[in-house]
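A short write-up of the structure that comes next.
The values are calculated or read from the model by the stated rules, or taken from the named source; none is laboratory data. Computed from a predicted structure; not experimentally measured. FYI the Cβ positions are ideal-geometry reconstructions off the backbone, even for glycines, and counts take in every protein chain you see. We work out accessible area using only protein heavy atoms, side chains counted, and drop any ligands, DNA or RNA first. Shrake-Rupley method; radii C 1.70, N 1.55, O 1.52, S 1.80 Å.
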Amino acid sequence: MFRLLTVLLLFAVLASPQTDLRRTFERARLLEERNTNLDEAIRLYAEVAERGKGQRSLAARALYQQGILYTRTRRVAEAARVWRMLIQDYPEQTEVVQLARAKLNPSGSRLNGPINRRVTDGDLMARPSPDGRLLVFTDWQSGNLAVRDLATAEQRALTTKRETWQQSMAQARGAVFSPDGRKIAYQWHKEDQTVQIRSISIDGTGDRIVFEDSAAWECFPLDWSADGTRLLVRRYLKDRTEALAIIAVDDGKIIRLITRNASSIGTALFAGDSRGLIVTLSRDSQPGEISYLDSDGKNVPLVQHPANDFVIGLLPDGRLLFGSDRLGSIDLWALRMAGNAPGGVPEVLLRHANIRRPLGITKSGSLYYLLDTSVMDVYTATLDVARGVVTEGPRVVSHRTMGDHMYPRWSLDGERLLFLSRGRSGRTLPLIYSQRTGATTEVTSDLKKLGRPLWDPDGVSVFVFGADASGKQGHYRLDPANGKSTLVFPIEETDSTYEGVWSSDGRYYFNRPNDWRLGIYRLDARTREKKILYVPPAGVSVGKENLGPSPDGRLLAFHAAGLPANGSSLLIVPVDGGEAKPLMSVRHPEEFAFGAFTWTQDSKIILASRGVDGKHEIWRVPVDGSAPFKIGMPLARIATLGLNRDGKTIAFHSGQDNSEIWVLEKFLR
């Protein structure tokens, strides 16, 4: 009787309405991604919206996707109907409501009040020109700095890199227009990892070095002084510290260096007089107060409030525009300035703006910003590896919150799944999902910054790269019970901000330095001895996070881009040292996914994710050199593969990694 009751209870859990609705949502989503039977996908989304009143985040999301499919099938009126229903019935689901509002008003056609309109596809490093006519960005097809005319959509390169990514990793990263809009300051990463701040005219002429920074891994231009003679830059130094610097545009000399508490400074820009700086000072890794830093380094508070406040920029009339969650949502506020001090109390300009990634303010007062429209989720599927077929799934692990869920890792016992959650609010934290109970637990942390998580070799703790409250960087062990961290490897020992990977027995830690040209290494956790296993030839990159140790501890799988030329390869190398052996190669535009490799328990087969333009499929690759073959399961993205110790359940993250640039107009008063 007890056994029967247990079975019935288990069936009730598995067949719960919450689980059933998530599966229904996933069926609709898979049909949408494969662009097949869209009417059935619309029906399934409608079913989730109708039955999911108690799961408001999921129901709102289903309504939004239903509208997307209505527009795809040319039923515009139906799309508008469900989006209005979403806005009316789910006002607390602010992120997806904002997306629905934007779809209803794509051209900003309102005659009165603020206008929100989509500009183009997103790039976090894009910046608008002062007149709002141009957008400067990195063309990630080539690495060149480029501008787009927002009126004509014409795009042209400013720099002249001609090599492919396989031939050269040189690239522009970060740019900002001069106040008169005639020049652009930008960071250029050279092939030898040297970074430069350069200046170029908007017609592509006059490209020159302003400042070459041999002491930094990154040097981002943040702002120009009002007279165009100085640049404010943020430097990420090779000694693992951060600094702000003001440099002269004509000769590149450092006029002022700010190193004290530089890691706690978020957004920074020149004040109206260009003598001091206006900065966001973080509090417990979150935006905090806003201050004026004078030329002597004295801190003058401008905005002090228990809420999270962050600088956006200076408005044409000299007021400081900032974001704040003091009323519950991210609203836009303005503060009138009296010199370099507050000239009054802040006033709210626009409620529920939910702008978290501002890109720039034009002279007319339009605010450009990045809107994250990506959705990533963690999935599991059941494979028959021997036959090379998918027998069940894929199934989503969790739909509790809006945002991205990525980088799944199985625990040693195969019962729990660790992954990273990045919410729309910007909050990032690890989650642990239990296969047995279906529960998901948040892992809190006392670290100020943290990266992609792994399981620690102890099988209980979380291993993660991060920085503590003092800014000390390294690889830490987190206790999931209380979030307390213990330093395992200081960054001086690993020379890396990559997460790396552990051997199955926990003795060896594999990684590569940030300068991956130095090669992949094995670090003995007991003796701290470091051994180089593979040094890439010139033109070959091992920077992608694709390290995979075999369960028997003998081999390490890794990814080499540029080997062969105009391609990439999956290689294996003995962990005790020896020659690297290629197992599979692909030619551009096909590539291996992020976290593409996982092993079977007998260490005889590697499963690899490969594809074109983010459309991936899983391949079965025998280590003995026999022919690989495709398992299939085509999805928009199959990344961070992990095969459970049961030999059949595979975890991965999939979804759409998208963002859009929008502009907010006519919101000032």
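Please list the non-local residues whose amide H lies under 5 Å from the amide H of Thr267, H modeled 1.01 Å from N, same-chain partners needing a gap of 5 or more.
Excluding prolines and chain starts, which carry no amide H, the hits are Thr280, Val311.
Taking 2.2 N^0.38 Å as the expected size of a compact globular protein, what ratio does the Cα radius of gyration of segment 406-548 give against it, to two decimals?
Taking the Cα Rg and dividing by 2.2 N^0.38 Å, one obtains 1.06.
Give me the number: length gained by fully extending Asp468 to Thr486, i.e. 0.36 nm times residue separation minus the C-alpha to C-alpha distance, one decimal in nm.
Taking 0.36 nm per residue and subtracting the Cα distance, the gain is 5.5 nm.
What's the FRET efficiency of Ala525 with Ser168 using the Cβ-Cβ distance as r and R₀ = 41 Å, to the nearest 0.05?
0.70
Which aspartates and glutamates have a Cα lying under 17 Å from the Cα of Lys238, excluding residues fewer than 8 positions away in the same chain?
Those aspartates and glutamates meeting the cut-off are Glu191, Asp192, Glu212, Asp213, Glu218, Glu492, Glu493, Asp495, Asp515.
Counting each pair of different Cα atoms once, what's the Kirkwood radius of the chain in Å, rounded to one decimal? Numbers along the way, then the final one.
Numbers: mean 1/r = 0.0372 Å⁻¹.
For the chain, inverting the mean 1/r across all distinct Cα pairs yields 26.9 Å.
Take the alpha carbon gyration tensor of segment 174-320, find the square roots of its eigenvalues, order them as a ≥ b ≥ c, and report rounded if a/c is under 1.5; if not, report prolate when a/b exceeds b/c, else oblate.
Taking the square roots of the gyration eigenvalues as a ≥ b ≥ c, segment 174-320 is oblate.
Taking the Cα centroid of segment 626-669 and of segment 28-51, what is the distance between the two, rounded to the nearest whole Å?
19 Å
What net charge is computed for the residues neighbouring Val573, neighbours being all others with C-beta under 15 Å from the C-beta of Val573, Lys and Arg scored +1, Asp and Glu -1?
Here the charged neighbours net out to +2.
List, in the order given, every pair from Lys484/Lys581; Lys103/Lys448; Lys253/Lys472; Lys544/Lys604; Lys448/Lys615; Lys530/Lys604 whose Cα-Cα distance in the structure shown is over 31 Å.
Lys484/Lys581; Lys103/Lys448; Lys448/Lys615
Any chance you could run the full-extension gain for Gln304 through Asp657? It's 0.36 nm times the residue separation minus the Cα-Cα distance, nm to one decimal.
Working: separation 353, 0.36 × 353 = 127.08 nm, distance 3.55 nm.
My answer for the length gained is 123.5 nm.
Distance from the Cα centre of segment 333-378 to that of segment 560-591, in angstrom?
Segment 333-378 and segment 560-591 have Cα centres separated by 46 Å.
Any idea of the accessible area per residue across segment 29-73, 1.4 Å probe, to the nearest Å²?
Heavy-atom accessible area per residue stands at 41 Å².
Multiplying the sequence separation of Asp576 and Ser374 by 0.36 nm and subtracting their Cα-Cα distance, what value in nm do you get?
Values: separation 202, 0.36 × 202 = 72.72 nm, distance 4.12 nm.
Value of the extension gain: 68.6 nm.
I'd like to check one number: the per residue accessible area of segment 512-559, probe 1.4 Å, reported in Å² as a whole number. All intermediate terms of the calculation are to be shown ahead of the outcome.
Working: 1900 Å² over 48 residues.
Accessible area per residue, segment 512-559: 40 Å².
Considering the zone a paramagnetic label at Thr152 would reach in this model (a point 7 Å from Cα along the Cα-to-Cβ line), which residues of segment 172-214 have amide N under 14 Å from it?
203
How much of the accessible area of segment 523-614, in percent, comes from carbon and sulfur atoms when a 1.4 Å probe is used?
Answer for segment 523-614 is 50 percent, counting heavy atoms of protein chains only.
Could you tell me the calculated FRET efficiency between Asp384 and Asn514, based on Cβ-Cβ distance and R0 = 45 angstrom, to the nearest 0.05?
Calculated value: 0.65.
Would you work out which of Phe594, Gly614, Leu222 lies farthest towards the positive end of the dipole of the chain, given +1 charges on the beta-carbon of Lys and Arg and -1 on that of Asp and Glu, about the Cα centre?
Gly614
Going by a ≥ b ≥ c, the root eigenvalues of the Cα gyration tensor, does segment 177-227 fall in the rounded group (a/c under 1.5), the prolate group (a/b larger than b/c) or the oblate group?
In terms of gyration-tensor shape, oblate.
Please report the spacing between the Cα centers of segment 472-495 and segment 415-468 in Å, no decimals.
Centre-to-centre distance over Cα atoms comes out at 13 Å.
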